[in-house]
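Quick notes on the structure that follows.
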Amino acid sequence: MPSYQWDDTLEDNGEGDYTFILLPPGIYGAECVEVTRGFSTASNCNQAGVVWKVVSTKGRTKLTDYLNLSENVKWKILQLFRSVGMRKHGEAIRLNFPALPGKTGWLKIGHRTYLDKNNVEKTTNQIEGYIPPEEVPVDVHADYKQASGTSPVPEQGLPF
């Protein structure tokens, strides 16, 4: 992450529009902007941190999905690669997380409640799964297109 000097000039590239907002549960179009490699000590396995820019007429925010590379999360990893057009249903896939940044896909977003460090209950967005483009309702496609000016995974033959 870059650091700034006291007298630096900051360009407005729209990133400030991606502050936290609690989205209503539903399906949203998003663009993958970063993938980090890590390790989950709790699960004792490799972990991918997939960062998404969510774009909707309901707002814009960033979400990170931490995917443990284990059999327990295989279903979600397969969903992710199908959602961004890198896998067809029923097809095996070689994991290629470095190819994800710049790809767009569909996220099923819900809510998760937790206690913060001051023992105050908070609610945050949570990626519950990934949806293949052909299963996304037309109104959700239209919402993403209106908010972003583009359609995720256009090569999939979407209704636009």
>> Within the chain, how many Lys pairs that are eight or more residues apart, or on different chains, come under 19 Å at the alpha-carbon?
In response: 21
> Pick from His111, His89, His141: which residue has the top mean-square fluctuation in a GNM of the chain where Cα pairs under 10 Å get a spring?
Replying inline: His89
>> Under 10 Å, Cα contacts only: if you run a Gaussian network model on the chain, which one of Ala142, Ala42, Ala30 comes out with the highest mean-square fluctuation?
In response: Ala42
> From the Cα gyration tensor of the stretch 29-90, with a ≥ b ≥ c the square roots of its eigenvalues, which class applies: rounded if a/c is under 1.5, or else prolate if a/b is larger than b/c, or else oblate?
Replying inline: oblate
> Roughly how many debye, to the nearest 20, is the charge dipole of the stretch 21-149 about its Cα centre, given +1 on each Lys and Arg Cβ, -1 on each Asp and Glu Cβ, and no other charges?
Replying inline: 240
> Which FRET efficiency value, to the nearest 0.05, is calculated for Ala142 and Val120 with the Förster distance at 35 angstrom and r the Cβ-Cβ distance?
Replying inline: 0.40
> For the chain, with the dipole built from +1 on Lys and Arg beta-carbon atoms and -1 on Asp and Glu ones, taken about the Cα centre, which of Gly85, Ser43, Leu107 lies farthest toward the positive end?
Replying inline: Ser43
> With springs only between Cα atoms under 10 Å, which of Val120, Val54, Val33 fluctuates most in a Gaussian network model of the chain?
Replying inline: Val120
> Taking neighbour Cβ counts within 10 Å as the exposure measure, how do Cys45, Cys32 sort from fewest upward?
Replying inline: Cys45, Cys32
>> Charges at C-beta only: +1 for Lys and Arg, -1 for Asp and Glu. How large is the resulting dipole of the stretch 24-99 about its Cα centre, in Debye rounded to 20?
In response: 160
> Which ordering of Thr9, Thr57 is given by a fewest-first count of other beta-carbon atoms within 10 Å?
Replying inline: Thr9, Thr57
> If R0 is 35 Å, what FRET efficiency do you get for Thr9 and Lys88 from their C-beta distance, rounded to 0.05?
Replying inline: 0.15
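FYI, it's all coordinate maths here, none of it is from the lab. Just so you know, these numbers come straight off a predicted model, no measurement behind them. In this analysis, Cβ positions are derived from the backbone assuming ideal geometry, glycine residues included, and neighbour counts consider all displayed protein chains.
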